[in-house]
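The next block holds one structure in the form of structure tokens; read it before the comments.
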Amino acid sequence: MATALRLKRTGTTKRPFYRLVVIDQARANKGAIIENLGVVPVLKAGDEARLDAERVRHWLSVGSIVSESARTVLKKAGLYTAPAPSKPKAGKKTATPAKAAPAKAAPAKAAQKA
């Protein structure tokens with residue numbers, strides 16, 4: 001089961017706040033969440049996200065996909081670090097700079113006749 005960490009908007013009209021939730025990626029539009037990991041207030045400048053750090057680390061360790069907005073919140077909270085770049089796959093060729101073809105020299109005999 002592929003899971004994703006994302007923000008779910010709650011609150012009332014013009015008074016939003018967001019919950020960081022774990023959701024099954026196959027049923028993301030249905031709204032059935034697996035676990036609520038905390039809240040992210042957006043209206044007050046001094047408020048910070050209140051997250052369950054232990055559970056966030058657990059879901060990251062099992063390979064949950066993180067949305068861009070959730071990644072921003074987790075980086076500010078110090079819970080997300082970028083994964084190490086993976087090695088290129090064997091089937092794909094990496095881009096290498098093309099070697100310049102040597103310029104063709106004019107034939108010496110044609111230059112002497114002219």
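If the viscosity is 0.692 mPa s and the temperature 37 °C, what translational diffusion coefficient in µm²/s does Stokes-Einstein give for region 34-84 when Rh comes from Kirkwood over Cα pairs?
On the way: Rh = 11.7 Å.
In µm²/s, the coefficient rounds to 281.
Given H placed 1.01 Å from N in the peptide plane, which residues other than close sequence neighbours of THR3 have an amide H under 5 Å from its amide H?
GLN25, ILE65
Given the convex hull of the Cα atoms of region 3-77, what is a quarter of its surface area in nm²?
Taking the Cα atoms of region 3-77, their convex hull projects to 5.1 nm² on average.
With Cβ to Cβ distances under 10 Å as the rule, what net charge do the other residues near GLU35 carry (K, R +1; D, E -1)?
On the way: positive: ARG55; negative: ASP52.
So the environment of GLU35 carries a net charge of 0.
Only the coordinates and a few stated rules stand behind these numbers; no lab work does. Here the structure is a predicted model, which means the values were calculated and not measured. Neighbour counts run over all protein chains shown; Cβ positions are idealised from the backbone, glycine included.
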